[in-house]
Every structure is written in structure tokens, then in C-alpha cells.
1. Take residue 121 and decide whether it is in contact with a strand residue (DSSP E or B) (Cβ under 8 Å, 6 or more places away or on another chain) and either among the polar types (S, T, N, Q) or without any contact (Cβ under 8 Å) to a residue 12 or more places away in the chain (or both).
2. List the residue pairs whose Cβ atoms are under 7 Å apart, where the first residue sits in the stretch 71-95 and is touching a residue at least 60 places away in the same chain (Cβ under 8 Å), the second is outside any helix (DSSP H, G or I) and charged (D, E, K, R), and the two are 6 or more positions apart or on different chains.
3. Filter the stretch 47-89 for residues that are in a strand (DSSP E or B) and among the polar types (S, T, N, Q); which is surrounded by the fewest Cβ atoms within 10 Å (Cβ to Cβ)?
4. Has the stretch 103-116 got any residue that is touching a helix residue (DSSP H, G or I) at 6+ places or on another chain (Cβ under 8 Å) and among the hydrophobic types (A, V, I, L, M, F, W, C)?
5. Does the stretch 43-101 hold any residues that are among the β-branched types (Val, Ile, Thr) and closer than 13 Å to residue 10 by Cα, and which are they?
6. Can you pull out every residue in the stretch 1-46 that is surrounded by fewer than 15 Cβ atoms within 10 Å (Cβ to Cβ), acidic (Asp, Glu) and within 14 Å of the chain's Cα centre (by Cα)?
7. Are there any pairs, at least 6 apart or on different chains, whose C-beta atoms fall under 9 Å, with the first in the stretch 2-28 and closer than 21 Å to residue 63 by Cα and the second among the basic types (Lys, Arg) and surrounded by fewer than 21 Cβ atoms within 10 Å (Cβ to Cβ), and if so, which?
Amino acid sequence: MRLTTKGRYAVTAMLDLAIHYKDGPITLADISHRQGISLSYLEQLFSKLRKQGLVDSTRGPGGGYRLSREADAIPVADVITAVDEKVDATRCGGLANCQDDQQCLTHELWSDLSEQIYVFLKNISLGQLVERKGVQEVAMRQEHVQDSGIGAEDSMALRSKEAV
């Protein structure tokens with residue numbers, strides 16, 4: 001599967017928005033701080049997410065980004081495809097030219113897997129992820145870290161020390 005950091009970060013950032021939906025517009029700086037994703041990278045991702053109608057932006061003081069609709073109405077697959085990612089396990093990118101410009105022996109297997117992954121991600125919404133206990137626990141930890149003024153890098157170092 002060709003899911004790169006672009007797709008992973010887009011889903012993470014959108015999940016952060018879903019978790020903080022009640023707080024009004026969320027700045028990319030807040031998402032960057034909580035999730036440890038560079039601000040410039042988030043700006044690139046959110047430009048694409050906005051163009052695809054998944055987020056709305058508000059300018060000025062108190063501005064930021066919000067989900068364009070309820071989290072339950074945004075499938076994870078839509079977030080991934082909005083940032084130009086493909087859910088594709090084939091070596092040929094789905095073109096069926098994997099072996100000497102011909103379909104390879106396992107093309108249909110990897111194509112079927114790609115379809116299963118896409119269907120799986122299409123059937124999971126951001127709202128469903130927000131409800132997961134593990135997601136809520138991580139969000140609470142991130143809030144605690146943000147409220148205490150510890151940066152994402154300091155938090156990672158702290159967790160590493162705790163594990164020893």
C-alpha cells in the first residue's frame with residue numbers, strides 16, 4: 001500500500017480537528033504543537049483539504065480551521081484521497097503493466113487488496129475514530145502536554161525516559 005506520511009498526517013490533523021470541533025476554529029499552530037507535524041507541511045495539506053471541501057477556514061483573530069461537516073460524515077478514505085494519496089498495493093499503480101508492460105501473476109491479488117483497504121477506510125469516519133477509547137486517551141494526554149507547555153519533542157523524550 002502506498003500510504004505515505006502525507007496521507008497519515010492528513011488523517012491525524014483531521015482527527016485532531018474532529019476532537020476539538022467544539023472549541024471553534026483551530027489554528028494549524030495548535031495542531032502542529034499537539035501532533036508534532038511541521039506547520040509548513042500542515043499548510044500544504046490544509047490547502048488541499050480546503051479545496052476538496054473537507055475543511056472551512058476563518059481568517060483573522062480567533063480564526064483557524066473547522067471540519068466542513070460533522071465528523072461522522074467524513075470517511076477516512078476521503079481525507080487520504082483529498083491530499084492526492086492512493087490506496088494501492090499494486091507495484092504498477094493499478095495500470096496492469098507490472099511485468100514487461102503486461103499484467104503480472106499477482107496483479108489481481110494486490111488489486112483486490114487495494115479495494116479491500118479502500119472499502120475499509122471508506123467505512124470508517126472521523127467521528128467513529130473520535131469515539132475510540134484509545135483515541136480519547138491520547139487526546140487527553142496531548143491536552144495535558146499542551147497545557148503544561150511541554151513541546152512535542154520534549155514530550156517524546158519524556159515518554160522515552162519513562163519507558164526505561
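1. On the way: in contact with a strand residue (DSSP E or B) (Cβ under 8 Å, 6 or more places away or on another chain): yes; either among the polar types (S, T, N, Q) or without any contact (Cβ under 8 Å) to a residue 12 or more places away in the chain (or both): no.
So residue 121 does not fit the description; no.
2. 86/2; 88/2
3. Filtering the stretch 47-89 for residues in a strand (DSSP E or B) gives 55-58, 64-67, 75.
If we keep only those that are among the polar types (S, T, N, Q) too, we end up with 57-58.
Working: 57: 15, 58: 13.
If we take residues in the stretch 47-89 being in a strand (DSSP E or B) and among the polar types (S, T, N, Q), then 58 is surrounded by the fewest Cβ atoms within 10 Å (Cβ to Cβ).
4. Initial filter on the stretch 103-116 (touching a helix residue (DSSP H, G or I) at 6+ places or on another chain (Cβ under 8 Å)): none.
Among the residues of the stretch 103-116, not one is touching a helix residue (DSSP H, G or I) at 6+ places or on another chain (Cβ under 8 Å) and among the hydrophobic types (A, V, I, L, M, F, W, C), which makes the answer no.
5. Taking the stretch 43-101 as the starting set, the residues that turn out to be among the β-branched types (Val, Ile, Thr) are 55, 58, 74, 76, 79-81, 83, 87, 90.
Answer for the stretch 43-101, where residues must be among the β-branched types (Val, Ile, Thr) and closer than 13 Å to residue 10 by Cα: 55, 74, 76, 79, 80, 81, 83.
6. 43
7. Here the result reads 10/48; 17/66; 21/66; 24/66; 25/66; 26/66, each pair linking the stretch 2-28 to a residue that is among the basic types (Lys, Arg) and surrounded by fewer than 21 Cβ atoms within 10 Å (Cβ to Cβ).
Each reported figure results from applying straightforward, stated rules to the coordinates on display, with no laboratory input. The shown structure was predicted, so the numbers you read here are calculated from the model rather than taken from an experiment. Here the Cβ is made from the backbone with ideal geometry for all residues, glycine too, and neighbour counts use every protein chain on show.
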